[in-house]
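Novice: First the structure, then my questions, so here it is.
The values are calculated or read from the model by the stated rules, or taken from the named source; none is laboratory data. Computed from a prediction, not measured in an experiment: that's the story for all the values here. Quick reminder, even Gly has a Cβ in these numbers, built from the backbone with ideal geometry, and neighbours come from all protein chains shown. When the accessible area is computed, the model is the full protein with side chains, heavy atoms only, and any ligands, DNA or RNA have been set aside. Shrake-Rupley method; radii C 1.70, N 1.55, O 1.52, S 1.80 Å.
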Amino acid sequence: MTQASTLPRPSVTGPRPGAQDRARLPVAAAMGGALGLFLAARLLGVAALAVVSWAAGRNPLALLGRSWDSVWYLGIAAHGYGRVLHHHPDVVYNDLAFFPLYPALVRAATVLGPLSAGASGLIVSWTAAAVAACGIYAVGARLHGRAVGTALVLLWGLLPHSVVLSMAYTEPVLAAFAAWSLYAVLSGRWLWAGALAALAGAARPNGFAVAAAVLAAAAYEIWRCLEERRKVSHRLWTGAALAPAGWAGYVLWVGHRRGDLLGGYFEVQRLWGSRFDFGEGSLRFIRHLLLHGDRFVFPMTMVIVAAAVVLYALLLADRAPLPLLVYSGVLLLIAVGGSGFFESKPRFLLPAFPLLLPLARALVRTARARPGHATVVVGALAGLSFAYGAYLVVIAHTPL
């Protein structure tokens, strides 16, 4: 079986960060500590949102469970596909745009338990977010030690848009399957990597990024095997074949249903106003913001996306493993190059947790050298995350 050492790794001089904390702390306890920090961050964020929503005379659980796309997913969970809203000839909202895994999980939770669809959606999302946090920790700890893994999870839970991780949305589900698939790739478990990538691809349109990462890593490993005249494991071939199955299967099913096998799904997306135009639509919207201004959400979105581009450059400079670079790069390319729903781009980037690795490493270095400074940084991030999350959900009235 291929081990992680055969994949491209960051160049590290001297002992790997976190070597001492790995020796002191059992793996389960370290992961539990990281998960505890993540849950604390999200619970405080939900508490802040609840205070603001009650002050506005609104129900916080209803806002978290039945906002924007959540309504579409809950409709699919309850009634299956078939809902279409016609706004005008060039804008048709069809629920076929939404991938099936999350509504299937919500449906299962509703059938098996006593909860309503909205509550079941929240349970699925909250559970997935916790699983994702454990996977993110595992990736960070494997590459740079447990302290960096913990910092990576904490930063992910304190992103400006991390309120989405507490909502009935699909990003936590994608992040959960993505994190563990990437961990499986790094540890050479190709069957797990491919199967989890297939499930990630069934969760969201940009879930294809996980399959792309697995395929890129598999292609690199196959090339190395051929160069060194080693036999290519059947597990590698099978994992690579499985990786795109979830995404491709749903796209082809929608195409068959629409009478256009290869283009049907993309036509559905186009009618939603969502298509890949190499960033032309994004540039037009940024020009509008700079010349005319707009609501606070849009400039904030522009800052977040720009920060993601910078973080990806830092990830490249750090020589991160190939699967992480491909996964983050594809997510970033889709977010930057896609048109429509400009305000949703930070949400689309939530699963791109590897972008936070340079920040996590910097935070750990700061915490070791100047603990007080690190505390101030984390406190500031928490304040921004909680305040902006409450603003987005309760006040902004902008699609997430």
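Novice: Of the residues that make up segment 208-224, is at least one more than 15 Å from Leu322 (Cα to Cα) and at pLDDT below 95?
Specialist: no
Novice: With respect to the numbered conditions (1) closer than 30 Å to Gly246 by Cβ; (2) modelled with pLDDT of 95 or more, which one is the sole condition not fulfilled by Ala40?
Specialist: Every listed condition holds for Ala40 apart from (1).
Novice: Now for a separate question. So which residues in segment 98-117 are open to solvent by 10 Å² or more (accessible area, probe 1.4 Å) and either basic (Lys, Arg) or not in a loop (DSSP other than H, G, I, E, B) (or both), if there are any at all?
Specialist: Scanning segment 98-117 gives Leu101, Ala104, Leu105, Arg107, Ala108, Ala109, Thr110, Val111, Leu112, Ala117.
Novice: Give the residues of segment 50-91 that are crowded, with 17+ Cβ neighbours inside 10 Å, under 27 Å from Val378 (Cα atoms) and out of contact with any Ser or Thr (no Cβ under 8 Å at 6 or more places or on another chain), sorted by residue number.
Specialist: Scanning segment 50-91 gives Ala50, Val52, Ser53.
Novice: Moving on. Taking interchain pairs and intrachain pairs at least six residues apart, which have beta carbon atoms under 6 angstrom, with the first residue in segment 235-246 and outside any helix (DSSP H, G or I) and the second at pLDDT 95 or above and open to solvent by less than 50 Å² (accessible area, probe 1.4 Å)?
Specialist: From residues that are outside any helix (DSSP H, G or I), the pairs are Ala243/Gly194; Ala243/Ala197; Ala243/Ala211; Ala243/Val214; Pro244/Ala211.
Novice: Output the number of the condition that Tyr169 fails; it satisfies all remaining conditions of (1) in a helix (DSSP H, G or I); (2) aromatic (Phe, Trp, Tyr); (3) crowded, with 24+ Cβ neighbours inside 10 Å.
Specialist: Just one mismatch for Tyr169, condition (1).
Novice: Of the residues Glu221, Glu267, only one is free of Cβ contacts under 8 Å to residues at least 12 places away in the same chain and either acidic (Asp, Glu) or on the phi > 0 side of the Ramachandran plot (or both); which?
Specialist: Answer to the selection: Glu267.
Novice: Scan segment 20-79 for residues that are among the aromatic types (Phe, Trp, Tyr) and touching a residue at least 24 places away in the same chain (Cβ under 8 Å) and jot them down.
Specialist: Phe38, Trp68, Trp72, Tyr73
Novice: Still on this model: Any residue at all in segment 198-205 that is hydrophobic (A, V, I, L, M, F, W, C), outside any helix (DSSP H, G or I), open to solvent by 30 Å² or more (accessible area, probe 1.4 Å) and touching a Leu at 6+ places or on another chain (Cβ under 9 Å)?
Specialist: The answer is no, given that none of the residues of segment 198-205 is hydrophobic (A, V, I, L, M, F, W, C), outside any helix (DSSP H, G or I), open to solvent by 30 Å² or more (accessible area, probe 1.4 Å) and touching a Leu at 6+ places or on another chain (Cβ under 9 Å).
Novice: From the list Gly372, Gly340, Gly379, Gly383, which residue is at positive phi and open to solvent by 30 Å² or more (accessible area, probe 1.4 Å)?
Specialist: So the residue among Gly372, Gly340, Gly379, Gly383 that is at positive phi and open to solvent by 30 Å² or more (accessible area, probe 1.4 Å) is Gly340.
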